[in-house]
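Novice: I'd like to ask some things about the structure below.
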Amino acid sequence: LRILEINGKENYHGIAFSYNGSRAIILATLDAVSYILPEERESLERVAEGYLSALWTVLLSAKEAINERKIALYSPALQYVVNDLGVNVRKIYLEDPEQAITQEILSSIKRDYDSGTYDLLLVTDIALKKDPKLEDYLKENKIKYLRIDVLGRCSLDVYSELVGVRYLSNSTNEDYVSSCDTYAYAFWGSLVINLVLLGIALALVRKIRKGF
């Protein structure tokens with residue numbers, strides 16, 4: 001896993017939302033749990049492989065949907081996600097998600113959109129909640145953007161939402177896309193994760209009752 005930079009500064013935000021970040025976390029967790037429960041390793045490996053395979057499939061769909069877009073990011077939270085799609089990010093406006101929004105940043109967002117530097121801004125639900133005036137500004141200036149919900153979500157959810165880019169019309173300034181087809185992936189991904197966690201918990205309980 002390579003650590004990405006923004007203006008020469010390392011970015012550690014949003015790694016877990018990306019494919020490579022999720023893969024690293026899953027494999028590390030698998031090794032740790034398998035050390036405690038070696039008899040469960042084979043079944044856990046199958047589940048992990050199934051999840052990563054599903055995640056890769058959704059990633060490819062997101063890559064296809066976003067491939068022709070010129071993408072800019074409001075904050076660094078999605079840098080790893082988009083990097084794993086192989087898409088060149090035209091601009092990242094904040095170096096840190098906690099950075100305060102300024103009129104200079106807003107003006108830069110509009111100027112770059114009007115000049116064609118990018119044609120779609122990706123912004124997280126957390127950023128819009130933190131800076132409510134950002135969404136008003138984007139709508140007022142007819143800047144096309146896609147809200148990506150990351151709060152309480154996993155990587156499969158995030159890539160599924162990016163598939164929604166294909167539903168954006170080039171001729172209108174739709175500001176938010178929500179599709180049942182898009183969230184189908186996320187539902188099953190969350191279900192798999194919950195089942196894995198339940199399985200691990202039950203295995204640990206059995207192990208504790210039998211005695212280590």
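Novice: Which condition from (1) within 14 Å of the chain's Cα centre (by Cα); (2) open to solvent by 70 Å² or more (accessible area, probe 1.4 Å); (3) among the polar types (S, T, N, Q) is the one that N67 breaks?
Specialist: Result: N67 fails condition (1) only.
Novice: Within the range 7-30, which residues are within 13 Å of I92 (Cβ to Cβ), open to solvent by 40 Å² or more (accessible area, probe 1.4 Å) and polar (S, T, N, Q)?
Specialist: If the condition is that a residue be within 13 Å of I92 (Cβ to Cβ), open to solvent by 40 Å² or more (accessible area, probe 1.4 Å) and polar (S, T, N, Q), then N7 is the only one that fits.
Novice: Now, a different point. May I ask you to list the residues in the range 111-152 that are in a helix (DSSP H, G or I), open to solvent by less than 30 Å² (accessible area, probe 1.4 Å) and among the hydrophobic types (A, V, I, L, M, F, W, C)?
Specialist: Scanning the range 111-152 gives A127, L128, L134, L138.
Novice: Among the residues of the range 93-110 satisfying the criterion of being part of a helix (DSSP H, G or I) and of a type in the set (D, E, K, R), which is surrounded by the fewest Cβ atoms within 10 Å (Cβ to Cβ)?
Specialist: Looking at the filtered set, the residue picked out is E104.
Novice: Turning to a different aspect of this structure: Let me confirm something: among A54, A72, A62, A77, which residue is surrounded by fewer than 18 Cβ atoms within 10 Å (Cβ to Cβ), under 16 Å from the mean Cα position of the chain (by Cα) and either part of a loop (DSSP other than H, G, I, E, B) or in contact (Cβ under 8 Å) with a residue 40 or more places away in the chain (or both)?
Specialist: Unique residue meeting the criteria: A54.
Novice: If you don't mind, there's one more thing I want to ask. Is at least one residue of the range 36-48 open to solvent by less than 40 Å² (accessible area, probe 1.4 Å), in contact with a strand residue (DSSP E or B) (Cβ under 7 Å, 6 or more places away or on another chain) and not in a helix (DSSP H, G or I)?
Specialist: no
Novice: Look at D84 and say whether it is crowded, with 16+ Cβ neighbours inside 10 Å, of a type in the set (D, E, K, R) and under 17 Å from the mean Cα position of the chain (by Cα).
Specialist: Judged against the criteria, D84 is a match.
Novice: Show the residue pairs that are 6+ apart or on different chains and have beta-carbon atoms under 9 Å apart, the first residue being within the range 107-126 and among the small types (G, A, S), the second being open to solvent by less than 40 Å² (accessible area, probe 1.4 Å) and modelled with pLDDT of 95 or more.
Specialist: Note: pairs meeting the criteria are S108/Y93.
Novice: I'm told V165 meets every condition in (1) more than 9 Å from the chain's Cα centre (by Cα); (2) open to solvent by 10 Å² or more (accessible area, probe 1.4 Å) except one. Can you identify the failing condition by its number?
Specialist: Evaluating V165 over (1) more than 9 Å from the chain's Cα centre (by Cα); (2) open to solvent by 10 Å² or more (accessible area, probe 1.4 Å) leaves (2) as the failure.
Novice: Can I ask one more? Going by the structure shown, is R90 outside any loop (DSSP other than H, G, I, E, B), buried (at least 17 other Cβ atoms within 10 Å of the Cβ) and not hydrophobic (A, V, I, L, M, F, W, C)?
Specialist: Numbers: outside any loop (DSSP other than H, G, I, E, B): yes; buried (at least 17 other Cβ atoms within 10 Å of the Cβ): yes; not hydrophobic (A, V, I, L, M, F, W, C): yes.
Against the criterion (outside any loop (DSSP other than H, G, I, E, B), buried (at least 17 other Cβ atoms within 10 Å of the Cβ) and not hydrophobic (A, V, I, L, M, F, W, C)), R90 qualifies.
The values are calculated or read from the model by the stated rules, or taken from the named source; none is laboratory data. Since the model is a prediction, treat every value here as computed from it, not as a measurement. FYI the Cβ positions are ideal-geometry reconstructions off the backbone, even for glycines, and counts take in every protein chain you see. Accessible surface areas use protein heavy atoms only, side chains included; no ligands, DNA or RNA. Shrake-Rupley method; radii C 1.70, N 1.55, O 1.52, S 1.80 Å.
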